[in-house]
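So the structure is just underneath, and the comments pick up after that.
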Amino acid sequence: MEFGSINPVLLLASLMVAATPIMLAAIGELVVERSGVLNLGVEGMMIVGSVLGFMAATGTESAWLGFVVAALGGAGLALLFGVLTQFFLSNQVATGLALTLFGLGLASLMGQGYLGVKAPSFPDWHIPLLGDIPVLGPIVFQHDPMVYVGLLIVGGVWWFLNKTRGGLILRAVGENHEAAHGLGYSVRRVRMLAIMFGGACAGLGGAYLSLVRVPTYAEGLTAGAGWIALAIVVFASWKPGRLLLGAYLFGGVTVLQLNLQAAGVAIPVEYLSMSPYIATILVLVIMSAGGAPGSLGKTFHASR
Amino acid sequence: MIALEKRPQPSRGWTLASPVVAVLLTMIAGAALFAALGQDPVQALVKIFYEPLFGEFNFFYLPQLLIKGAPLVAIALGLAIGFRAGIWNIGAEGQYIIGALCGAGVALALYPSEARWLVFPAMLLAGAFGGFAWAMIPGLLRVRFGTNEILVSLMLVYVAEQLLASMALGLMRNPEGQGFPGSRNMARMDAATSWIDQSNGMHWGVVIALIGVIFAYILFARHILGFQIKLAGQAPRAAAFSGVSPARLVLFCLGTSGALAGLAGLTEVAGPSGIVSIDFNVGYGFTAIIVAFLGRLHPVGILLAGTLMALTYIGGDVAQSSLGLPGAAIQVFQGMLLFFLLAVDVMTNYRIRWRERGAV
């Protein structure tokens, strides 16, 4: 075996990058699910975000603008989901699947002229002082800015859900929408905002894949990342702190199998490529204990 | 101000009308999409919906309707059984692949046997079993550990795709194929082909889909199990009190849909596709989700919806070759169809009331 050729510092550093797109998508979905809505369209919003972000970034030569456009695009698709589930009272599972199928088609339609095009560069930050710490510096403090934006969003969501009044209302709507409605909160408005936030985060995650992680455009480049993000929300028991752990765990598996492929280990490539998905299933099996918001996935209709 | 009022019973009229309204709305939105892509919208719609059925070359396209419709109908029937009970198998694509691999494995292992009475039935069994076993993974995990079957069945699609790649490039590769990826052509083996009449598009998958429609109809209309499935979907508590075992129901629904998807995969790989190649699967397992909903989860509806969806595939090909309409446009079109269907469906369960603002 050639484990010697794998550098542990580089491995851990690329783990943080590999975890970022899924962390972004998952934290958005976590907020959506805490408000009591199950949006299975994460994969669709991610892939549309990846294309829109890529188009905007190559058009303007600015990766930052790409991320903004991707977030807006993701939120736009999420709005469609929100209108259907909250105003047309459609089944959330079916609508989420529709969003994914539609998003995959839309993305491959829009991305046709961009196949194989390279993304504009998005340089890493070398954070002064912190980045110079031996070992820890290269692992944690020498990444592109979006890695830290992702961490900031996770921290912000934790603070919002646990420390603010708005977070309390959002959780109340998710736990028991009848009671929240009875108290005079607008279930629909809270949920629409949560759904749009989730879409924006999924769009960012998708754009991170096409602009930083890959960084060229290819057809179907999310390859199930949106679904893995959904699984990580379950793994995290709907808690932002545990979500961080889940995303890094998943990032670790992905990076390790890529490194093993590169190192030429005597396991066929296909079986190594399977491993992230199998790891996700294992994680779901271990972590399928409860903790889901009480009203998750149920349609809310105020009869009076 | 518009308000929705829940109907005491779902409206029968709207149940039947909403797919038709959704298709019409999709055509309008699709026309706008095609216009945005720089096509003449009317011409594009004619190419998609009229040309394959009544055009000059319809003798070529009509058999395609059977070839593309059969797997969609077979898979959607299985999915509908689960969807009615609130059991969401969305990994049919994976079950389709594994069914094809198992069936093809039998055919290739017995090559060059000429005993059709042995080879083909064994392939059918292996195909059904492969799909069944692959669907049992999410089924057993849900029953035993309470794992979410949506996510597990979907993850297994990616695993199945990797297995397929490994098989097509390795174990099942044609030893006389000059190094090209892909297996021997089973459609050309008399003992293994699933073709019945290739020039008319007739193959065993079509037969299986039609038998499936009949069985599903009997299951829902006449059999106690069909009633229990509906009950479990609409009133899980009532179902539990009346003695329906949720675990058995989960395994039955997933197993049946897996077996049907496996059979669809096998008949495709031993007929229209012929060889096990990296990309012989074209996403029927996902499109079948749209078919199941468009067909109102009803066997006859699914037969009609599957035919319509097959038509959009064929029409999409026609429009692609004659007008240069991108293939992905049809995928968008199919996705829109499901959106419109879900939106229009609000009329089935709710009534629209105009209400004065402020009045209670």
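The values are calculated or read from the model by the stated rules, or taken from the named source; none is laboratory data. Bear in mind the structure is a predicted one, so any value in this text is a computation, not a measurement. Cβ placement follows ideal geometry from the backbone for every residue including glycine, while neighbour counts extend to all protein chains displayed. Each accessible area value is taken on the protein alone, full model and side chains, heavy atoms only, with ligands, DNA and RNA left out. Shrake-Rupley method; radii C 1.70, N 1.55, O 1.52, S 1.80 Å.
Give, ordered by residue number, each residue of the range B:278-314 whose 1.4 Å probe accessible area is reduced by a minimum of 20 Å² on adding the remaining protein chains to the chain alone.
Those residues are B:Phe286, B:Ile289, B:Phe293.
Would you calculate the separation in nanometres between label points at A:Asp124 and B:Arg248, each defined as 7 Å from the Cα along the Cα-to-beta-carbon direction?
The answer from the label model is 6.0 nm.
In chain B, if the dipole is taken from +1 on Lys/Arg beta carbons and -1 on Asp/Glu beta carbons about the Cα centre, which of B:Gly130, B:Ile211, B:Gly146 is farthest to the positive end?
B:Gly146
Using a 1.4 Å probe on the protein heavy atoms, what percent of the accessible area of the range B:38-325 belongs to carbon and sulfur?
Taking all protein chains in place, the range B:38-325 shows 65 percent carbon and sulfur surface.
For B:Gly316, what charge total do you get from the other residues with a beta carbon under 14 Å from its beta carbon, if Lys and Arg give +1 and Asp and Glu give -1?
0
Could you tell me whether the range A:113-219 comes out rounded, prolate or oblate from its Cα gyration tensor? Rule is a ≥ b ≥ c as square roots of the eigenvalues, rounded for a/c under 1.5, then prolate if a/b exceeds b/c, otherwise oblate.
Here the range A:113-219 falls in the oblate category.
Taking the Cα atoms only, what angle lies between the long axis of helix B:204-222 and the longest principal axis of chain B, rounded to 10 degrees?
The helix B:204-222 is inclined about 40 degrees to chain B.
List, in order, the whole-Hz ³J(HN,Hα) value for each residue of the range B:127-141 obtained from phi through the Karplus relation with A = 6.51, B = -1.76, C = 1.60 and θ = phi - 60°; use x for Gly and Pro.
For the range B:127-141, the Karplus-derived couplings read x, 5, 5, x, x, 4, 5, 5, 6, 5, 4, x, x, 5, 5 Hz, x marking Gly and Pro.
Round to a whole angstrom and tell me the spacing of the C-alpha centers of the range A:236-254 and the range A:157-208.
21 Å
Under 1.5 on a/c is rounded, so check that first for the range B:38-325, then, if it is not, pick prolate when a/b is larger than b/c and oblate when it is not; a ≥ b ≥ c are the square roots of the alpha carbon gyration tensor eigenvalues.
Oblate.
Could you run the numbers on buried accessible area between A and B, total for both chains, 1.4 angstrom probe, in Å² to the nearest 100?
Looking at A and B, the buried total is near 3600 Å².
Using a/c under 1.5 as the rounded threshold, could you call chain A rounded, prolate or oblate? The axes a ≥ b ≥ c are square roots of the C-alpha gyration tensor eigenvalues, and prolate needs a/b larger than b/c, oblate otherwise.
It comes out prolate by the Cα gyration axes.
For a 25 Å ceiling on Cα separation, which of these pairs sit above it: A:Lys239/B:Lys6; A:Lys298/B:Lys68; A:Lys239/A:Lys298?
A:Lys239/B:Lys6; A:Lys298/B:Lys68
Once phi is turned into ³J(HN,Hα) by the Karplus curve 6.51 cos²θ - 1.76 cosθ + 1.60 with θ = phi - 60°, what whole-Hz value does each residue of the range B:65-73 show in order, with x for glycine and proline?
Each residue of the range B:65-73 in turn: 4, 5, 5, 7, x, 4, x, 4, 5 Hz.
Under the rule of at least 5 residues apart or a separate chain, name every residue whose amide H is placed under 5 Å from the amide H of B:Tyr350.
Those qualifying (amide H under 5 Å, at least 5 residues apart or on another chain) are B:Arg7.
Run the dipole for the protein assembly as shown about the Cα centre, Lys and Arg Cβ at +1, Asp and Glu Cβ at -1, nothing else charged, and hand back the magnitude in debye, nearest 20.
2540 debye
Which value, in Å², gives the accessible area per residue of the protein assembly as shown when a 1.4 Å probe is used on the protein heavy atoms?
41 Å²
Would you please state which residues of the range B:80-106 a label at B:Leu304 would reach in this model, taking the label point 7 Å out along Cα→Cβ and a backbone N cut-off of under 19 Å?
B:80-81
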